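Enquirer: This is the structure I want to talk about, given as structure tokens.
Read the figures in this text as sums done on the coordinates, not as results from a lab. The structure displayed is predicted, hence computed values, not measured ones. Here the Cβ positions follow ideal geometry from the backbone for every residue, glycine too, while neighbour counts run over all protein chains shown.
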Amino acid sequence: MDLLGITQIVVCLEKSKKFYEDVLGFEPDSFYEPTQWQSYKCQDGVFFAIGKEPGSTNEVSFAVSDVEILWERVKDVVDVVNPLERTSWGTYRFTIRDPDGRLLAFGQKG
């Protein structure tokens, strides 16, 4: 299992983009308009992103080699937020809550 990325919810996307880009020097990467999600270039294969609710959520995303096997193992013993599904942005993933309520997403490319 590899860390895929971290998304943080922001109150004002434009204000936060100026902070991350102009103040901290983050380099923008993908922007997904439907969920107001802006990712930034990080180390290879890992993203840091900001986004607006309700489309984006505070979550840590992990890449797994076989998401169906992990889903079958955990689906009945975890707090499922989103079941295993194919997303409109090309991943096959599910989202759960850890015991403290943090969102964890697990997936693989389409």
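Enquirer: Being in contact (Cβ under 8 Å) with a residue 60 or more places away in the chain and under 21 Å from K109 (Cα atoms) is the requirement here; does D2 meet it?
Expert: So D2 fits the description; yes.
Enquirer: Another question, if that's okay. Restricting to segment 11-35, what's the tally of residues that are out of contact with any Gly (no Cβ under 7 Å at 6 or more places or on another chain) and surrounded by 15 or more Cβ atoms within 10 Å (Cβ to Cβ)?
Expert: Number satisfying all stated conditions: 6.
Enquirer: Something else now. Can you tell me which residue in segment 36-60 is nearest to S88 (Cα to Cα), limited to those that are crowded, with 16+ Cβ neighbours inside 10 Å and β-branched (V, I, T)?
Expert: T57
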